[in-house]
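The values are calculated or read from the model by the stated rules, or taken from the named source; none is laboratory data. Quick caveat: nothing in here was measured; it's all calculated off a predicted structure. Methodologically, a virtual Cβ is constructed for each residue, glycine included, from the backbone with ideal geometry; neighbour enumeration extends over all protein chains shown. Ligands, DNA and RNA are excluded from the accessible area calculation, which covers all protein heavy atoms including side chains. Shrake-Rupley method; radii C 1.70, N 1.55, O 1.52, S 1.80 Å.
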Amino acid sequence: MGRQRGGPVIELRNCSKRYPSQLGQAAVDALEGVDLTIRPEEFVCLLGPSGCGKTTLLKAIAGLVSLDEGEVYIDGDLVTGPGPDRAMVFQDFALLPWADVVTNVAFGLELRGVPKATREKKAFELVQAVGLAGFDHHFPRQLSGGMQQRVGLARALAVDPQILLMDEPFGALDALTRRLLQEDLLTLLDRRRKTVVFVTHSMDEAVRLGDRVVLMTPRPGQVRDIVEVGLPRPRPPDLEKHPRFAELLEYLWQQLREMRP
Amino acid sequence: MLQLSFLPPFSSVLRAAMDLIISGQILGNLRASLIGLAIGFGLAVSSGVMTGLMMGRYRAVETMLEPFVNAFLAAPRLVFVPILYALFGVGRGVQVGIVFLSAFFVIVVNTMGGIQQVSASHVEMARSFGAGERQLLLRVLLPGALPMTMAGLRLGMGRAVKGMISGEMFIALFGMGALLRTYGSRFDSAKVFAILLIIVIVALVCSYAVALVERRLTRWMEPAA
């Protein structure tokens, strides 16, 4: 996998995916003719109401979903399956309940055959980095939701991917925990230059985090608009006072409201 | 007509047990029983977990084997004793065979159920980190199914002990079952109850041994202290 200076480019060309009808449910056009180019080291948020195909799009980039039409290219290479250049963070955390924090964080490295001592050292560092020092040998069920997602984030960062794919990672968390994790994510990414594709249905989250917001419509899942956020980085703590912030939220809300069926 | 004289007092049961132990009849037969139990149960666990894993993971294997598994699960095990006779001759083979048949199917069904219950998001997560099929089976599905598998092992152990005793009573050559039959045919009810007592103790010890392994392996499920 060739690495260009400044990280990889992700290109989606004419991507379509239809889930066939089953058990009395109509077929769903999850994606229809989606074209999108994600720039190197960009933070892109996919925003839209539920059922707009944003998760399908993310999983297509991850190589977990096969498209009916169209292709995904990373640095010009066709995506045919998961690869070491990408790592994913899941909405439901997807931690292994029988493994402690360190073992969970090291899981991706374990699958790649990294020796135990090496991968646990790396995992230990990341556990510290995501703010879970001292919880190395706790099991997932002993942790709060926010802490569990910190483990999920550490697991993704442990394999040092060029592309971080995040599927509504903070969607299951309370508002306070969510804000803290948003801030910590940005801090973590400051020191690690990565391309991030972040699925969310929160306008606030998309604007706080993203360089660009890709607005998607449901059924069929299509790109309706792409908005440049244009807020300063690093994002100031009083971002809400920035006139651009309110302006963006207002604009996104108008757009989403028009989508209402 | 109730012949209460055949119901011995507990003191004579204990005395009979002492007699049997001192005369060495228990030791030799218990040893013969436990060897058969260990071999049969060991085979049932290894092949049962493997079969359950395959059936739980691959729909085609499940479709192919499930009718047989269900049939064997319901069939009385002693039906197979004559067939085992024919296959192995009278001896260890029959005993091991009946232990195996008693434990195997319940282990298969539980493991299969456990595999199918592993959350789809764990499978997807592992695939996203590049897990191959083999890694998926060994690192995600098998550990995920462990609580159910271990429950199957406990059920299987109970059935294995029952199967072993019935089988030994049937062949009446060696083992605790054979001893039971010998004294049963003499209407020596104190000895029969004494042997039963020892069998129950052995079964409890075996069951606790499996439970102990289960507790060790599924500690992650225990509620946080």
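Which shape class, rounded, prolate or oblate, goes with the protein assembly as shown when its Cα gyration tensor gives a ≥ b ≥ c as root eigenvalues, a/c under 1.5 marks rounded, and past that a/b bigger than b/c marks prolate? Prolate, since a/c reaches 1.5 and a/b exceeds b/c. Rounded to the nearest 20, the Cβ-based charge dipole of chain A about its Cα centre (Lys and Arg +1, Asp and Glu -1) stands at 440 debye. Give me the summed buried accessible area for the B-A pair, 1.4 Å probe, to the nearest 100 Å². So the total buried area for this chain pair works out to about 2000 Å².
Mean-square fluctuation check for chain B, GNM, Cα pairs under 10 Å: which of B:G163, B:G52, B:G42 is largest? Highest fluctuation of the listed residues: B:G42.
Build a GNM of chain B with springs between Cα atoms under 10 Å apart, and of B:N29, B:N70, B:N110 the one that fluctuates most is B:N70. For the residues B:M54, B:M157, B:M64, a GNM of chain B with alpha-carbon springs under 10 Å puts the largest fluctuation on B:M64. Indicate, rounded to the nearest 5 percent, the antiparallel portion of the DSSP beta bridges found entirely in the protein assembly as shown. Counting DSSP beta bridges with both partners in the protein assembly as shown, the antiparallel share is about 55 percent. Residue by residue along B:141-151, Cβ atoms of other protein chains within 10 Å of the local Cβ number 1 on average.
For the protein assembly as shown, the solvent-accessible area with a 1.4 angstrom probe is 48 square angstrom per residue.
Across peptide A:86-96, what mean number of C-beta atoms from other chains lies inside 10 Å of a residue's C-beta?
4
Each 10 Å bin from zero up to the one holding the largest Cα-Cα distance in chain B carries the following percent of pairs: 8, 27, 28, 20, 11, 5, 1, 0.
When the chymotrypsin sites (Phe, Trp or Tyr not before Pro) in the range B:48-153 are filtered for DSSP coil states and for at most 14 other beta-carbon atoms within 10 Å of their beta-carbon, the remaining sites are B:Y58. Under a model in which nothing but the beta-carbon of Lys, Arg (+1) and Asp, Glu (-1) is charged, the range A:95-160 shows a dipole of about 80 debye around its Cα centre.
By the rule of a C-alpha distance below 20 Å, with chain neighbours fewer than 8 residues away ignored, the lysines paired with B:K191 are B:K162.
Across chain A, how large is the tail of the calculated P(r) beyond 24 Å, expressed as a percent of all Cα pairs? Here the tail beyond 24 Å accounts for 49 percent of pairs. The long axis of helix A:243-259 is offset from the longest Cα principal axis of chain A by roughly 60 degrees. Each Lys and Arg contributes +1 and each Asp and Glu -1, all at the Cβ; summed about the Cα centre of the protein assembly as shown, the dipole is approximately 1680 debye. Counting only DSSP beta bridges with both residues in chain A, the antiparallel share comes to about 55 percent. Each Cα pair under 8 Å and six or more residues apart adds its sequence gap; the mean of these over the residue count of chain A is a relative contact order of 26 percent.
Too long at a 21 Å Cα-Cα cut-off: which of A:K194/A:K241; A:K122/A:K194; A:K54/A:K122; A:K17/A:K54?
Long pairs (Cα-Cα over 21 Å): A:K194/A:K241; A:K54/A:K122.
On the range B:8-216, 70 percent of the accessible area sits on carbon and sulfur atoms, based on a 1.4 Å probe.
With all pairs of different C-alpha atoms in the average, the Kirkwood value for the hydrodynamic radius of the range B:179-225 is 13.0 Å.
If R0 is 25 Å, what FRET efficiency do you get for B:E133 and B:R59 from their C-beta distance, rounded to 0.05?
Working: r = 14 Å, r/R0 = 0.58.
Step by step, r from the Cβ atoms, then E = 0.95.
What is the mean number of Cβ atoms from other protein chains located within 10 Å of the Cβ atom of each residue in peptide B:186-193, rounded to a whole number?
Values: counts 0, 0, 0, 0, 0, 0, 0, 0.
Neighbouring Cβ atoms belonging to other protein chains average 0 per residue here.
Look at the dipole of the protein assembly as shown built from charges on Cβ: of B:I171, B:F80, A:G113, the Cα furthest out on the positive end belongs to B:I171.
Size estimate for the range A:121-165 follows the Kirkwood approach: the inverse of mean 1/r over distinct Cα pairs works out to 10.7 Å. Computed from label points 7 Å out along Cα-Cβ, the spacing between A:A246 and A:D190 is 2.7 nm.
Kindly provide the chymotrypsin sites (Phe, Trp or Tyr not before Pro) of the range B:165-225 that DSSP labels as loop, not H, G, I, E or B, and whose Cβ sees at most 12 other Cβ atoms within 10 Å.
B:F187
To the nearest 10 degrees, how steeply does helix A:175-190 sit against the main Cα axis of chain A, on a 0 to 90 scale? It works out to around 80 degrees. Among the trypsin sites (Lys or Arg not before Pro) within the range A:4-73, those in coil by DSSP and having at most 12 neighbouring Cβ atoms inside 10 Å are A:R5.
Relative contact order, whole percent, for the range B:8-216 stands at 28, derived from Cα pairs under 8 Å and 6 or more residues apart.
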